[in-house]
Structure formats: structure tokens, C-alpha cells
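Structure first, then comments.
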Amino acid sequence: MTTNGQAPRPNWEMTLTATTAEQTHALALRLAAVLQAGDLLVLSGGLGAGKTTFTQGLGEGLGVREGIISPTFVLVRIHPNLPAGPRPGGPDLVHVDAYRLDSAAEIDDIDLENTLDSSVTVVEWGRDRVEHLSESRLEIDLHRAVGLDDGLPSAGLDFDTDDADEPRTIVMRGYGPRWPEAPELGAAREGVR
């Protein structure tokens, strides 16, 4: 969705710092508390930036089945909500790896429209591929302070394990009517605009 040929501007931008993998996980856990069915999240970041750790925190907060790993080869993994979890009857989590998809048309081929309204959908490498799916979305960029943050995928290997605790900068942006203001996450913010 563009206005006058320009990309839409976010309603807000928030920058946070996580110094450990546990803090990245905890931030996502807090974000999960405000998510609802139909929410679309677009995750970006290089190798080891924390995308999988972040998604695992979302899954825990949403109360979905454990075992979240990167869907590198299968493209899509669906993690159903657990009736005995913290949010019984809550949304499922649909986790997508769009790196190998070249266009929005290929995203359409995997049929996310069928689950979008009833799930929280997280798309890694989805920028410029999934914006047409919803008028609202959260874009979340995770950046490592040092190391492997080269923006390239791991050639199928899951290096997104956060074995080494090092600072990450997490930039969140909200687009569309669902996200007029930044969610209150109870975390220290470097900057919000």
C-alpha cells in the first residue's frame, strides 16, 4: 500500500535494546500479550539476530504448541493454541520464512489468507513481500551489535540460536489502523518517535 507512489510511513517507531537472548525472548513474551488474531508481524535481521528467539517468546506468550524452529525448508509452520495454555481459545501462530520467495505472488501461492484472520502471522524475510496481506502490520528489525549480522540467511542452517549473549537493537514500527500507537511493553526504550 503506497500513497502517491511512496511507501507508507509508520505511525510510530520504537527502539529497544536487549542485552541477552532471555531479554529478547521476554520482550516478545510481553508483546504477545497485546497481539490478537489477524495480526501480521514482519521480522528482519541477519544471522543470529534473534528472529527465532523472538518468535519463541511470542509463541510462549500466545500459549501455542512448543517446538518453534525456523521454517527454512518447509516455508510455513503452524503452531496451534493449546487449550491448557495461558491463552486458551487464543490465536494460533503461523510462522513463515519468506527468504526463498521472490515476490508477493509467491506469498499468495502459500495461501496465508486462509489463516491470517484466525492467527498471529510472523513472517521472517517478509519485507516487500507481505504488505498486501493486511492494512496493518508490525515491522520488527533485530540487529546484532557485532558478529554475523550480514542480512543473509543461514543456507538452511539455524544459526539463530542466540548462543552468545550480546546486545541486540530491536526496532519496532507500527503501520495501519490496528497500530495507531506503540504498545506498552514495560521495557526501557532508547527512543520512540
field: Filter result for the condition that a residue is at pLDDT 95 or above, of a type in the set (A, V, I, L, M), open to solvent by less than 70 Å² (accessible area, probe 1.4 Å) and part of a loop (DSSP other than H, G, I, E, B), over ALA164, ALA182
entry: ALA182
message: Restricting to region 57-101, and then to whatever is open to solvent by 60 Å² or more (accessible area, probe 1.4 Å) and within 22 Å of TRP125 (Cβ to Cβ), can you tell me which residue is modelled with the lowest pLDDT?
response: PHE73
Given (1) in contact with a helix residue (DSSP H, G or I) (Cβ under 6 Å, 6 or more places away or on another chain); (2) aliphatic (A, V, I, L, M); (3) free of Cβ contacts under 8 Å to residues at least 60 places away in the same chain, number of the condition VAL96 does not satisfy: (1)
- prompt: Checking ASP92 against (1) on the phi > 0 side of the Ramachandran plot; (2) touching a His at 6+ places or on another chain (Cβ under 8 Å); (3) among the charged types (D, E, K, R), which test does it fail?
  reply: (1)
Neighbours by Cβ (under 9 Å, 6+ apart or cross-chain): first from region 63-88, among the aromatic types (Phe, Trp, Tyr); second open to solvent by less than 80 Å² (accessible area, probe 1.4 Å) and assigned to a loop (DSSP other than H, G, I, E, B): PHE73/GLY156
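So, in region 67-118, how many residues would count as being part of a helix (DSSP H, G or I) and touching a Pro at 6+ places or on another chain (Cβ under 6 Å)? Working first, answer last.
So the first thing to find is which residues in region 67-118 are part of a helix (DSSP H, G or I), and the list is 104-109, 113-116.
Now narrow it down to the ones that are touching a Pro at 6+ places or on another chain (Cβ under 6 Å): none.
So the count comes out to 0.
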message: Given the criteria open to solvent by less than 10 Å² (accessible area, probe 1.4 Å) and either closer than 20 Å to GLY38 by Cα or modelled with pLDDT of 90 or more (or both), does VAL171 qualify?
response: no
task: May I ask you to verify whether THR52 is in contact with an Asp or Glu (Cβ under 8 Å, 6 or more places away or on another chain), touching a residue at least 24 places away in the same chain (Cβ under 8 Å), under 27 Å from PRO180 (Cβ atoms) and outside any loop (DSSP other than H, G, I, E, B)?
output: no
message: Let me spell it out: the conditions are (1) open to solvent by 20 Å² or more (accessible area, probe 1.4 Å); (2) hydroxyl-bearing (Ser, Thr, Tyr); (3) under 25 Å from GLU181 (Cβ atoms), and THR20 meets all of them except one. Which number is the exception?
response: (3)
- prompt: Restricting region 39-56 to residues that are surrounded by fewer than 24 Cβ atoms within 10 Å (Cβ to Cβ) and among the small types (Gly, Ala, Ser), which is nearest to PRO88 (Cα to Cα)?
  reply: SER44
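The values are calculated or read from the model by the stated rules, or taken from the named source; none is laboratory data. Quantities reported herein were computed from a predicted structural model and do not represent experimental measurements. When we count neighbours, we look across all protein chains shown, and the Cβ atoms used for this are built from the backbone with ideal geometry, even at glycine. Each accessible area value is taken on the protein alone, full model and side chains, heavy atoms only, with ligands, DNA and RNA left out. Shrake-Rupley method; radii C 1.70, N 1.55, O 1.52, S 1.80 Å.
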